[in-house]
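Peer 1: One structure follows; several queries about it will come next.
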Amino acid sequence: MLLLLQQNLLLGDDPSLVNVPDVVGQTQAAGTVTLTGDGFVVAVATANSSSVPAGTIISQSPTAGSSELLGSTVTITVSLGDGGGGWWPDWHHAKGQRDKKKREQEEREAEAKLIQDDLDRNIYLAQRKLEAEEAERTDLARLQNLADTYAGQRLDGLPKSARVAILNAQDARTRNSLEQMRRVIEQSEDEEMFALQVALLLVN
């Protein structure tokens with residue numbers, strides 16, 4: 001990014017403006033690395049597509065080549081496939097539901113701090129605790145359903161450790177095995193993102 005700013009200064013351009021790279025056709029992870037590497041914030045939308053494989057970027061806004069301020073947001077629309085599901089769309093849907101519940105719980109905890117009366121606050125916190133426990137049970141049930149659906153399938157793109165964790169979760173049906181499955185898959189996503197970042201640095 002520093003090199004890009006230097007080039008802009010030499011050319012007499014506004015150094016705060018950067019051309020948006022073309023990420024259509026890339027995977028969500030690769031497109032995210034490209035955009036963040038150029039100084040943009042990435043927002044993700046999803047859409048079904050019968051022609052674009054799941055996990056691939058269908059479109060972007062602003063479009064490639066337009067000049068935008070450093071730090072501005074580029075929205076990428078990622079394919080969910082033809083609507084028939086698949087591991088990654090189902091996984092990201094489950095993860096999105098979990099993240100949404102977590103945000104809601106954090107908002108409720110913040111609201112509780114504003115309640116002055118001790119009794120009212122304790123009642124409120126007890127209610128929120130019950131809701132959090134129910135949300136956790138729902139999340140575990142969602143993960144178990146994923147394990148039951150996909151255990152034993154090829155799942156191209158998932159490392160062996162993740163496939164083994166899915167099989168273990170399907171077989172053991174315990175909280176620990178489900179949480180281990182989640183950790184391994186999230187780690188595999190993080191490692192893919194890191195590998196893409198390294199590859200981008202080597203290319204540049």
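Readers should treat all values here as calculations from the given coordinates under stated rules, not as data from a laboratory. Here the structure is a predicted model, which means the values were calculated and not measured. Because the Cβ atoms are built from the backbone with ideal geometry, glycine has one as well, and the counts that use them run over all protein chains shown.
Peer 1: For the range 17-106, state the semi-axes of the equivalent ellipsoid (square roots of 5 times the eigenvalues of the alpha-carbon gyration tensor), sorted largest first and rounded to whole angstrom.
Peer 2: 24, 18, 9
Peer 1: Scale the Cα Rg of the range 58-146 by the rule-of-thumb value 2.2 N^0.38 Å and send over the ratio, two decimals.
Peer 2: In units of the 2.2 N^0.38 Å rule of thumb, it is 1.61.
Peer 1: Using the Karplus curve 6.51 cos²θ - 1.76 cosθ + 1.60 with θ = phi - 60°, what ³J(HN,Hα) values do you get for each residue of the range 171-183, in whole Hz, with x for Gly and Pro?
Peer 2: In residue order, the calculated couplings are 7, 6, 6, 10, 4, 4, 5, 5, 5, 5, 4, 4, 4 Hz.
Peer 1: Over 22 Å between Cα atoms: which of K101/K129; K102/K160; K100/K160 fall into that group?
Peer 2: K102/K160; K100/K160
Peer 1: I've got another one for you. Eigenvalues of the Cα gyration tensor times 5, then square-rooted: what semi-axes does that give for the range 38-80, in whole angstrom, largest first?
Peer 2: Semi-axes from the Cα gyration tensor: 22, 10, 7 Å.
Peer 1: Out of every Cα pair in the chain, what percent are spaced more than 31 Å from each other?
Peer 2: Cα-Cα pairs in the chain separated by more than 31 Å: 38 percent.
Peer 1: Return the FRET efficiency for the residue pair Q187, Q105: r is the Cβ-Cβ distance, R0 is 22 Å, and the value is rounded to the nearest 0.05.
Peer 2: Between Q187 and Q105 the formula returns 0.40.
Peer 1: Now for a different question. Considering the convex hull of the alpha carbon atoms of the range 87-194, report its projected area averaged over all viewing directions, in nm², one decimal.
Peer 2: 7.7 nm²
Peer 1: Shifting gears a bit: Have a look at Q28, Q127, Q105 and tell me which one the Gaussian network model of the chain (Cα, springs below 10 Å) gives the largest fluctuation.
Peer 2: With Cα springs under 10 Å in the chain, the top fluctuation among Q28, Q127, Q105 is at Q127.
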